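For reference, the structure is listed below as C-alpha cells.
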Amino acid sequence: MFDSAGNLFAIGNSAPPSGGDWVVRKSSDGGATWRTVDRYNASPQFRTGARGVFADSRDRLYVSGYAETGLAGVSDALIRVSDDRGETWRVLAKFHEPGSSRNLSWNVLGDDSGNLYASSYALGSDNLNYWLVHKSEDGGESWASLDDTAGTASKGAFCYALAIDKYGDLFAAGGMKTGDATTSAWVRRLVP
C-alpha cells in the first residue's frame, strides 16, 4: 500500500516459538530497502497478527488485525493508527463482541467523507462465526455496528474484505462456512 508521498507499507507477522508479533514495514525507495516501523504484541507470550492496511487522504495509516488476550482461545480485533506516516503508532480501536471468544479484524477502509469501515469476525458462544462490519464517523474514536450476521451456513460467516465503488456504495465480501469445511463466496452491498 502506498501513501501520497510514495512510501510503501507492508504488513505481516513474525512467529517466534512463543507468540508472534504484528509487523509493519516501510520503504521510501520503491521497495529497495525496508525498515520496521511497528512491531506490536499486546502480550509477548501470545499471538498478534496484522491483516489489513489503509491510508486515508491525510496519510493517516490504519492497520487491522487481532491480539490474543491471554485467556485460552480468546482474542480482540484491533485497529492501530499512525498520524505521522508510520513513525509512531497507537491502538485506535478494540472490538470484542459480547459473549464471543475469537475476534479478528480483516480489513479497514475509508470513504471520501472521512468515514471508516472495519470488517471482522467473532466466534460466538453458539459456536457460529459472525460476519461484522463496523463504521466510524469520527476518525475511529467511536464505532457502531453496520452489519452483523451469521448467515445461513452451519458454521457461520466471515467478512474478509471491503470495497467502495465510485458511487460511494460499500461492498463487503467473505464467505459462509458449512460443516464440511466448504466455504461459499458471499458479497453484500451495504448502505453506509
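FYI, it's all coordinate maths here, none of it is from the lab. This structure is a prediction, so every number in the text was calculated from the model and none was measured. Counting neighbours? That spans all protein chains shown, and the Cβs are built from the backbone with ideal geometry, glycine included.
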Among 166-177, 27-38, 124-135, the order from most to least packed when residues are scored by Cβ within 10 Å on average: 124-135, 166-177, 27-38
Cα-Cα P(r), region 1-115, percent of pairs per 10 Å interval: 15, 45, 30, 10, 1
Entry for mean projected area of the Cα convex hull in nm² (calculated from the structure that is shown) out of [x] 10.0; [y] 13.6; [z] 11.5: [z]
